[in-house]
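Undergrad: Here it is, the structure, as structure tokens.
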Amino acid sequence: MAAENLKNDRILRAARGEKVDRPPMWVMRQAGRYLPEYNATKGNNDFFAVCRSPELASEITLQPIERYLPHIDAAIIFSDILVVPQAMGMTVEMIEKRGPVFPSPLRQPEEIATKLKEKVDVAGDLKYVFDAIRETKKKLDGRVPLYGFVGAPWTLLSYMVEGGGSKMFCEIKRWVFKHPEESKHVLQRITDVVIEFLARQVEAGANIVQVFDSWAGELSPADFRVFSLPYLRQISARLPQRLAELNVAPVPMTVFAKGAWFALDELCDSGYQVVGLDWTYDPAEAVKVARGRVTLQGNMDPGALYGGKEAITREVEKLVRGFKGAKGRWICNLGHGITPGVNPEDLGHFFKEVERVATEVYKE
Ligand code: CP3
């Protein structure tokens, strides 16, 4: 990465287990509705139209950077995990106040043949993401590294089958219990697309990547080992191979399997350099399980940002002390995405407090 002249590579150093002067920080969904500047740029534009505009997507990606520098250590490209089902042939709409909706979900295995494209043109159909990454890199000018990301195959299949967000997960559970072989077949097809998509994001300039398995916690430990983990492992094994074919240097990889606390030990051996934790893990316990094998990322409850400055300070004290045993192998983040309604100044307070408390606690 030296060739690129990054002025701040704390996140990359921490991901590789190298020494850092303070914990690197960013937050999931940092470019989003809690920021007035995001709402102003988005206006009445359709969400996916904004994703498809390299100009707007790069502008939004930069918003939290401009606001929080020098306390923020990475940008994440403004896009969505659901651009992959779109490239595979499905229609996805973003409905205001409701979230993503698939008007015609994959309810039966027979529909795979008619609803999914046989060959997916990742480089062509998702070119707008790579263009947005290139535009963003220009605007960032090396100030911080840029994250690329994808949804994990299990989470993407859940959306494709449920047709949107879900509380009961009846449809996807019907698939895995009634049609386990067909489920594995589609998961494999999604995996192939996801690997190519990540490789092209890195080729376009992403410095580090994250795989979001937001619905991992809906599976039992045994089923997670069948319907999610093997595909997560394939991604970490095959991405470096694909990058080598493209003549692109490998980058650190992060896996965030929300709710899969039962799988932390296996995730630490799944080929990723960074493992993200949601807020239901006790940091010190996670550090013990990880045993220095990976860099941990997380994990303050995003809800704590609603508690005001004093509550945030209290939570930060616990967070920083909890990760002390990680000996620098920690990327500070929330345990899930930041939510609308948070006061942006309170996120600034969070960043500053992490820096202040870490300086005290880590010299003890
Ligand atoms: O700042 C960033 O983190 C980069 C952009 C980003 C978005 N979505 C923008 C977005 C990222 C990394 C995502 C990932 C994503 N998208 C996930 C995985 C992370 C997670 O939260 O578990 C998932 C499950 C999705 C699917 C999705 N997109 C949902 C369920 C929703 C609606 C719910 C919600 O939070 O509004 C979206 C919409 C979405 N994606 C918004 C943003 C900023 C809000 C859209 C709007 O402006 O109306």
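Undergrad: If you go through segment 249-299, how many residues are away from the ligand (no atom under 15 Å from the Cβ), touching a helix residue (DSSP H, G or I) at 6+ places or on another chain (Cβ under 8 Å) and among the basic types (Lys, Arg)?
TA: Summing the residues that are away from the ligand (no atom under 15 Å from the Cβ), touching a helix residue (DSSP H, G or I) at 6+ places or on another chain (Cβ under 8 Å) and among the basic types (Lys, Arg) in segment 249-299 gives 1.
Undergrad: Then there is this: Does Ala74 meet the test of being more than 18 Å from Val211 (Cβ to Cβ) and surrounded by 14 or more Cβ atoms within 10 Å (Cβ to Cβ)?
TA: Criteria not met by Ala74.
Undergrad: Can I ask one more? Being in contact with a Lys or Arg (Cβ under 9 Å, 6 or more places away or on another chain), surrounded by fewer than 20 Cβ atoms within 10 Å (Cβ to Cβ) and more than 24 Å from Phe212 (Cα to Cα) is the requirement here; does Gly337 meet it?
TA: no
Undergrad: Conditions first: (1) within 12 Å of the ligand (Cβ to nearest atom); (2) of a type in the set (A, V, I, L, M); (3) surrounded by 15 or more Cβ atoms within 10 Å (Cβ to Cβ). Leu140 passes all but one, so which condition is the exception?
TA: (1)
Undergrad: Under 6 Å by Cβ, and 6 or more places apart or on different chains, what pairs join a residue from segment 144-167 that is over 18 Å from Asn333 (Cα atoms) and within 12 Å of the ligand (Cβ to nearest atom) with one that is acidic (Asp, Glu) and assigned to a helix (DSSP H, G or I)?
TA: Short answer, once both residue conditions are applied: Glu162/Glu171.
Undergrad: What's the number of the condition Cys51 fails, among (1) surrounded by 21 or more Cβ atoms within 10 Å (Cβ to Cβ); (2) out of contact with any helix residue (DSSP H, G or I) (no Cβ under 9 Å at 6 or more places or on another chain)?
TA: For Cys51, the exception is condition (2).
Undergrad: Return the pairs, sorted by first residue and then second, in which the second residue is part of a helix (DSSP H, G or I) and at pLDDT below 95, the first residue lies in segment 35-63 and is under 16 Å from Lys97 (Cα atoms), the beta carbons are less than 6 Å apart, and the residues are 6+ apart or on different chains.
TA: Matching pairs, first to second residue: none at all.
Undergrad: Kindly list, by first and then second residue, each pair from a residue in segment 212-236 that is under 19 Å from Ile81 (Cα atoms) and at pLDDT 95 or above to a residue that is away from the ligand (no atom under 12 Å from the Cβ) and aromatic (Phe, Trp, Tyr), limited to pairs with Cβ atoms under 7 Å and residues at least 6 apart or on different chains.
TA: Ala216/Phe224; Glu218/Phe169; Ser236/Tyr272
Undergrad: Limited to segment 42-72, what total is found for residues that are in contact with a strand residue (DSSP E or B) (Cβ under 8 Å, 6 or more places away or on another chain), part of a loop (DSSP other than H, G, I, E, B) and within 11 Å of the ligand (Cβ to nearest atom)?
TA: Number satisfying all stated conditions: 1.
Per-residue answers, yes or no, for (1) within 27 Å of Arg29 (Cβ to Cβ); (2) at pLDDT below 95; (3) not small (Gly, Ala, Ser):
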{"residue": "Val120", "(1), (2), (3)": "yes, no, yes"}
{"residue": "Lys138", "(1), (2), (3)": "yes, no, yes"}
{"residue": "Val150", "(1), (2), (3)": "yes, no, yes"}
{"residue": "Met160", "(1), (2), (3)": "yes, no, yes"}
{"residue": "Gly163", "(1), (2), (3)": "yes, no, no"}
{"residue": "Lys167", "(1), (2), (3)": "yes, yes, yes"}
{"residue": "Glu181", "(1), (2), (3)": "no, no, yes"}
{"residue": "Val193", "(1), (2), (3)": "yes, no, yes"}
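Undergrad: Looking only at segment 205-229, which residues are surrounded by fewer than 18 Cβ atoms within 10 Å (Cβ to Cβ) and part of a helix (DSSP H, G or I)?
TA: Listed by number, the residues that qualify are Gly217, Pro221, Ala222, Asp223, Arg225, Val226.
Undergrad: Test Ala14 against the criterion of being within 23 Å of Met253 (Cα to Cα), near the ligand (Cβ under 10 Å from one of its atoms) and of a type outside the set (Val, Ile, Thr), and give yes or no.
TA: Here the answer is no, as Ala14 does not meet what is asked.
Undergrad: Restricting to segment 177-190, name every residue that is more than 16 Å from the ligand (Cβ to nearest atom), closer than 18 Å to Arg233 by Cβ and out of contact with any Phe, Trp or Tyr (no Cβ under 6 Å at 6 or more places or on another chain).
TA: Lys184, His185, Val186, Gln188, Arg189, listed by residue number.
Undergrad: How many of the residues making up segment 321-364 are assigned to a loop (DSSP other than H, G, I, E, B) and either within 15 Å of Leu277 (Cβ to Cβ) or of a type in the set (Val, Ile, Thr) (or both)?
TA: Result for segment 321-364: 8.
Undergrad: Report, by residue number, each residue of segment 264-320 that is among the aromatic types (Phe, Trp, Tyr) and either in contact with a strand residue (DSSP E or B) (Cβ under 7 Å, 6 or more places away or on another chain) or part of a loop (DSSP other than H, G, I, E, B) (or both).
TA: Within segment 264-320, Tyr272, Trp279, Tyr281 meet the criteria.
Undergrad: When the residues of segment 86-121 are filtered to those that are within 11 Å of the ligand (Cβ to nearest atom) and over 14 Å from Gly163 (Cα atoms), which remaining residue is surrounded by the fewest Cβ atoms within 10 Å (Cβ to Cβ)?
TA: Restricting to residues being within 11 Å of the ligand (Cβ to nearest atom) and over 14 Å from Gly163 (Cα atoms), the top hit is Lys97.
The values are calculated or read from the model by the stated rules, or taken from the named source; none is laboratory data. Just so it is clear, the structure is predicted and the values come from calculations on it, not from any experiment. No Cβ is skipped: glycine too gets one built from the backbone with ideal geometry, and neighbour counts run over all protein chains shown.
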